[in-house]
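Here is the structure we will look at, set down as structure tokens.
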Amino acid sequence: MVSRSYSNLLELASGESPSFSRMSRRIPRIMTVAGLISDVDDDPSESVCSDPSSSAQRDRIIIVANQLPIRAQRKTDGSKSWIFIWDENSLLLQLKDGIGDEDTEVIYVGCLKEEVHPSEQDEVSQILLDTFKCVPTFLPPDLFSRYYHGFCKQQLWPLFHYMLPLSPDLGGRFNRSLWQAYVSVNKIFADRIMEVINPEDDFVWVHDYHLMVLPTFLRKRFNRVKLGFFLHSPFPSSEIYKTLPIRDELLRALLNSDLIGFHTFDYARHFLSCCSRMLGLSYQSKRGYIGLEYCGRTVSIKILPVGIHMGQLQSVLSLSETEAKVAELIKQFSDKGRIMLLGLDDMDIFKGISLKLLAMEQLLMQHPEWQGKVVLVQIANPARGKGKDVKEVQAETYSTVKRINETFGMPGYEPIVFIDAPLKFYEKVAYYVVAECCLVTAVRDGMNLIPYEYIISRQGNEKLNKVLRQESSTSKKSMLVISEFIGCSPSLSGAIRVNPWNIDAVADAMDYALEMAEPEKQLRHEKHYRYVSTHDVGYWARSFLQDLERTCRDHSRRRCWGIGFGLSFRVVALDPNFRKLSMEHIVSAYKRTTTRAILLDYDGTLMPQGSIDKSPSPKSIDILNSLCRDENNLVFLVSARSRKTLTEWFSQCERLGLAAEHGYFHRLTRNADWETCAPIADTTWKQIAEPVMQLYTETTDGSTIENKETSLVWCYEDADPDFGSCQAKELLDHLESVLANEPVTVKSGQNIVEVKPQGVSKGLVAKRLLCTMQERGMLPDFVLCIGDDRSDEDMFEVITSSIAGPSIAPRAEVFECTVGQKPSKAKYYLEDTTEIGRLMQGLASVSDQTL
């Protein structure tokens, strides 16, 4: 049975969609049981780009996650109807409360934890929509199992936590059918969002690895959708991530977001490295914001760890049940002279429970004075996943606890109290309040908010002070021993950070925490409390949404269209005045004009950047000669290469003008003498710069130095992209420092760092060519300038500034064209060197016919 939401997609594709504004004001009744959609929709014609239509209405955020922040249970009166309540522990609900803006409407899209029979789904949907503004996504049990327990938990989750499937027992081997189920579920989520979204006004915030391809489906349907994505798990290093067979699809899907959030810089750095190594994308940091240029769009990167809900935790601390539980724990531990250490973890392979237990064993062995005094209370939350690995962790944990208690236990004392029964939140908070030290030794974890909850709980309140028999003026204290491999570690500088795999180091850290002087514990607690209390979930949510709004600010003024099929779909966003150069348009202008100036870059324009043989082909020589033989043309090739190389390569082009080394040397024809744009340069600076470049060449495998007459170029095209880029930044700084008093400029380009004389640029060539033509009484009525990189932007700028001047004829046809769709001062673009070649062939054919 196909879903109502999918049928709505068919209506949209056929042009029979209802008004989006009307959809946003009266959210339609949600019908359906969603079915399996096994293939990605590949029809590019279905891409919808809505006309801008905005009216006064509340801001609206659609929050999308695998699970709704709703608890559901059957009524016990035999009526088989449902009871729904908010899940107060859900981050998504806390996020809404943290935003705290009454003018902002929040709609949730996600699954329920409980299975709802198809016959009840209509009624349940309407109740959740009317009462909670929740749009439930119903998935058939088999599809959900393959999507969640299959692909998410057996393939993505282990890989993102650095577990490679080296054998069938270590993480799940890639399974194409599970991947198809994952894509299908993401498509169903997209269908649900379609039913409620006003694409021109609403913000969509997608959460976590369960929905990583959802941005592609949304971007395909609504090119200008305002879309943010936050990953709550780690993002692995490129060496780990690139083992994933669908690595490019996931990266491109995430890049269909406007803003991508990560908890730590490490996770963001790994993502950026993957984009660089696998997609060839580089990032820039401007005024504190990191951005990736992707098809004319800037995808922003946000680094900010999530926080806790202060209000909720403080309200739990004020409960009478919490006070009673704290009193019970004091009687159980403190009154008997016992010091409580606390561990609270999910029962899974990455939380390091067994490592923590072994460290406790080591502590008792190395420091027998703690025997009978220190107790580790280990609370194990039920595992979220299923499988053999969970059972193995449980078995190992139980056996280790039993062995340690048998070895070090005595009447009335067990060194480890293991609790695997479900606890209510107030009970966990009570343990936080009483524990002298909290231990979090996960071997890999996305964020982990347990240390934050512990810090706030230890701050307590007036009522708990009385239960704890403390004066109100007493400074609070808390101690944390945390793993280096969890997301909150960088934020808690006062914690004792450990490598959880080093059992001895963890045991020493536990002893250090127990022995630490009280004033230092208090100082560490104060520092942590200030941070955690000010960086709560509300701060995190508001900061993310502010950045999302900033990133999407210019959506309405950009022209967008979709290209590509399936999960390779992406949206090209360009300035309204930036468009593809039409062959018909330029050929028509070429035919009707009589005085033409043509400036061409070489590398990356006439010759692909990745070519092994960089010399021009016979076909390229023939095209250039055809253009040069036309008496109406003045053709100039402008390159960064040396004049020796250009002379050798283009010796057959008698009437071709050449500009070498960014225009420092130039000549109008083959038989003309080379001229310089400035007095002969003093190159004694090379004696300073070359040894520096040589040092970086020796330490950067794959890099080379090119020594030209007036410039030096360090090229790292064949080096490791990350290391090469890092070394290039260092070299740039180093050269700028040592050459500060020399008449040279140090610039970075595409895989190069170049030192050249000051004032030399390709723009000088364009200016010289136009002036020469003006002196000869030849005002050009046709100007074509084509280039591909930053150095060519100088030519575009000179030509643009000359259009209204005396060096170009009034109403001249001017075509500045860059290679590839990217921000540029040019008004036109062509996709690649193949299209450039086709264009030049077309113009050469016109000239041949004229001759």
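The values are calculated or read from the model by the stated rules, or taken from the named source; none is laboratory data. Just so we're clear, the structure is a prediction, and the values are computed from it rather than from any experiment. Glycine gets a Cβ as well: all are built from the backbone with ideal geometry, and neighbour counts include every protein chain shown. Heads up: the accessible areas ignore ligands, DNA and RNA and are worked out on the full protein's heavy atoms, side chains in. Shrake-Rupley method; radii C 1.70, N 1.55, O 1.52, S 1.80 Å.
Evaluate the range 723-736: report whether one residue or more is of a type in the set (Ser, Thr, Tyr), within 29 Å of ASN625 (Cα to Cα), surrounded by fewer than 21 Cβ atoms within 10 Å (Cβ to Cβ) and touching a residue at least 12 places away in the same chain (Cβ under 8 Å). Taking every residue of the range 723-736 in turn, none turns out to be of a type in the set (Ser, Thr, Tyr), within 29 Å of ASN625 (Cα to Cα), surrounded by fewer than 21 Cβ atoms within 10 Å (Cβ to Cβ) and touching a residue at least 12 places away in the same chain (Cβ under 8 Å). Scanning the range 659-681 for residues that are touching a strand residue (DSSP E or B) at 6+ places or on another chain (Cβ under 9 Å) and assigned to a loop (DSSP other than H, G, I, E, B) yields TYR664, LEU668, THR669, ARG670, ALA672, ASP673, TRP674, CYS677, ALA678, ALA681. Scanning the range 772-826 for residues that are among the aliphatic types (A, V, I, L, M) and either within 35 Å of the chain's Cα centre (by Cα) or over 25 Å from ARG838 (Cα atoms) (or both) yields MET773, MET778, LEU779, ILE786, MET795, VAL798, ILE803, ALA804, ILE808, ALA809, VAL819, ALA826. Scanning the range 194-222 for residues that are surrounded by 23 or more Cβ atoms within 10 Å (Cβ to Cβ) and polar (S, T, N, Q) turns up just one, THR216. Pull up the range 655-691, narrow it to residues that are under 21 Å from HIS734 (Cα atoms) and within 42 Å of the chain's Cα centre (by Cα), then point me to the one that is surrounded by the fewest Cβ atoms within 10 Å (Cβ to Cβ). The qualifying residue surrounded by the fewest Cβ atoms within 10 Å (Cβ to Cβ) is PRO691. Each residue in the range 417-435 was checked for being more than 19 Å from ALA327 (Cα to Cα) and either touching a Cys at 6+ places or on another chain (Cβ under 7 Å) or in a loop (DSSP other than H, G, I, E, B) (or both), and 3 of them qualify. Restricted to helices (runs of 4 or more DSSP H) entirely inside the range 316-410, those with at least 3 residues that are of a type in the set (Ser, Thr, Tyr) and open to solvent by 30 Å² or more (accessible area, probe 1.4 Å) are 388-408. The single residue among ILE803, ILE808 that is open to solvent by 40 Å² or more (accessible area, probe 1.4 Å) and not charged (D, E, K, R) turns out to be ILE803. Here is the figure for the range 77-111: residues that are open to solvent by 60 Å² or more (accessible area, probe 1.4 Å) and hydrophobic (A, V, I, L, M, F, W, C) total 3. Of all residues in the range 746-796, those that are surrounded by fewer than 24 Cβ atoms within 10 Å (Cβ to Cβ), among the acidic types (Asp, Glu) and within 25 Å of LEU732 (Cα to Cα) total 4.
Tell me, which helices (runs of 4 or more DSSP H) wholly within the range 124-230 include 1 or more residues that are of a type in the set (D, E, K, R)? Let's see the steps before the verdict.
On the way: elements: 141-144, 157-160, 176-194, 214-221.
Once the helices (runs of 4 or more DSSP H) in the range 124-230 are filtered for at least 1 residues that are of a type in the set (D, E, K, R), what remains is 141-144, 176-194, 214-221.
Working carefully through the options GLN652, GLN694, find the one that is open to solvent by 70 Å² or more (accessible area, probe 1.4 Å) and either farther than 27 Å from ALA719 by Cα or of a type in the set (Val, Ile, Thr) (or both). Going through GLN652, GLN694 in turn, the sole match is GLN652.
Candidates in the range 811-841 are the residues that are among the small types (Gly, Ala, Ser) and in contact with a helix residue (DSSP H, G or I) (Cβ under 7 Å, 6 or more places away or on another chain); of these, the one that is most open to solvent (accessible area, probe 1.4 Å) is SER824.
Of the residues in the range 434-449, not one is out of contact with any Leu (no Cβ under 9 Å at 6 or more places or on another chain), surrounded by fewer than 19 Cβ atoms within 10 Å (Cβ to Cβ) and in contact (Cβ under 8 Å) with a residue 60 or more places away in the chain.
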